[in-house]
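For reference, the structure discussed in these notes is given below.
The values are calculated or read from the model by the stated rules, or taken from the named source; none is laboratory data. None of the values given here were measured: they were computed from a predicted structure. Reconstructed Cβ throughout: ideal geometry from the backbone, glycine too, with neighbour counts over all protein chains shown. Ligands, DNA and RNA are excluded from the accessible area calculation, which covers all protein heavy atoms including side chains. Shrake-Rupley method; radii C 1.70, N 1.55, O 1.52, S 1.80 Å.
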Amino acid sequence: MVLSLPVSPPRRRLSSWTAPGRRETIFVFCLFTVALFIFQSNLSVSYSDDDDSSSASWSWRSNSDWFSSGSVSRGGDSPKKLKSTGENVMPSIQGSENSGLTVNDVTVSWNGPKEKMPQTTLVQHTEGFTILDNIYSHNGTLYIISDSPKSFPALRTMISSGYQVFNGEEEVKKREPTDQDMQIITVKQAEKKFGKLAHRLEGTTFMSTDPPQFINHYYHFAAELFFGFWRAYSSLDPSIKSTGQTVLPPPRRFIFTHTPDDKWRDYAQMNQYVMHAAFPSATLEFSDDWKDRAGTNRLWFFDRVVLGDRAAAMRGKPFVATERFASAAFELPGSAMWFEPVRSNVVEFAGLHRSEGGGTMHKPVITYVTRQEWGRRMLKPEDHEGLVRALKRLERERGWEVNIVAMDKLTREEQFQLAGRTTIMMGVHGNGLTALLWMHPTPRAAVMEFFYPGGFAEDYEWTARALGITHYGFWGGQHFSSPDLPPRAYPEGFQGNEIPIDGEAVANLVIHQLSMNDEADD
């Protein structure tokens, strides 16, 4: 049979170009799509070695080479070969760039004859805060795997058992770490125990091994644990700018190994606000999640862990001197603007631009945080009224903004916004002064804290100073400041409701503080 194909009628020769028909357009589009796919495939990142061109490897920088082209290297030994279960490779994590991982890239293996198990490296350490690369966990135990075990600090300066902090020799012994908490083993021991495969948790993990004893209190969470975590981590970028710009990638997750998920929130719901505002992409895992990981009986590989432990910090000189958990982290190098990335994120989350309250030329904002309705640790009623009168006079005569607030009467957004704009914050020793964390640390910034005469606690003095904010303590009409601080003391009356303050003395110091720095600007 002969098939006759329909013959198109002869086309008239056109003297000019005509638009392509529908079929031509579809054909050209398909060709373009195929070409684009081939081009992108050729751009895929691939790594090879002499033995196996299909294997993927990471080339990690040495511990002394933190930064490259505005990004942060993971650190660790070089080279190491971390094989993917898929065909895609796993490039090194640098800065905040996309790591290039897919759902196939979930394991780290070292099967080849020249492949070695990635060894743990010590990045930074001070009592209570340790940064480790390539650290492992199995059945709830952290493993430092290294053929140089003596290069690591004593375990008790890195971690504890997670037992609560109580006084007494026997109580202290209960906080000592055991083999269930952390071990240091060699590569040979590890490969015999765990084999040639680990399951990877990429990026940076902030891990707290504390009990919930202090975590569910706003000050102890935000101004100690969270404060210390970031200060230790920020030591890897000593050039953080006053604008808050940093090359540090955010933590991927927080793990609280001994804290249940219903025990980390404070009564005012500030902890969770700060966490989600500062690091919105970070996930949270708690003691049950840690047990779930342990229950898989698998080996877990962490790219980088910033480990924080209060009991370990208590064994160091900084804590003994200040009784502040985070103080140990300040033994590490860092930028003067180390906290600005976190502060900026939090105040902007609350609706305030990060530049608000900055500089020294704007109208000063004075905030008196009152506790007069709190029922504990309050000023004498007549002294409170005298302080209010003195501050209101400054408002009338000098045009300065004065706010008299009870923090618990404000929304969380209002608290963060007000703190971010405040130049001078004052009040009786108490949790409301935790708001000083969000003040802009300008030369004019100051905190004025009122104590019962003879009493003193470092909580807010140390925190303000750590941020570069001037702190003044008051006993009635007498004030003091670092380095001339009184010893720590809690006399009878410290927690009472008859704390005296001289409002005129406070107002005069406010004038002095603001005038002194105005003259410096001139």
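From the alpha carbon centroid of the stretch 205-275 to that of the stretch 411-473 is 19 Å. Judged by the mean number of other Cβ atoms found within 10 Å, the most tightly packed of the peptides 307-317, 452-462, 241-251, 259-269 leads the ranking 307-317, 452-462, 241-251, 259-269.
Solvent-accessible area per residue for the stretch 226-305 at a 1.4 Å probe radius, Å²?
Values: 3140 Å² over 80 residues.
Ligands and nucleic acids excluded, the result is 39 Å² per residue.
Within the assembled protein chains, the solvent-accessible surface assigned to Ser327 is about 10 Å², based on a 1.4 Å probe. Charge dipole of the stretch 137-219 (Cα centre as origin; +1 on each Lys and Arg Cβ, -1 on each Asp and Glu Cβ, all else neutral): 380 debye, rounded to the nearest 20. Ordering of 373-383, 409-419, 441-451 by packing is 441-451, 409-419, 373-383, highest average first (other Cβ atoms within 10 Å, averaged per residue). Per residue, the stretch 350-398 exposes an accessible area of 55 Å² to a 1.4 Å probe, with every protein chain left in place. From most to least packed by mean Cβ count within 10 Å, the peptides 124-131, 107-114 give 124-131, 107-114.
Can you list, largest first and rounded to whole Å, the semi-axes you get for the stretch 302-399 by taking the square root of 5 times each eigenvalue of its Cα gyration tensor?
For the stretch 302-399, the ellipsoid semi-axes come out as 36, 23, 13 Å.
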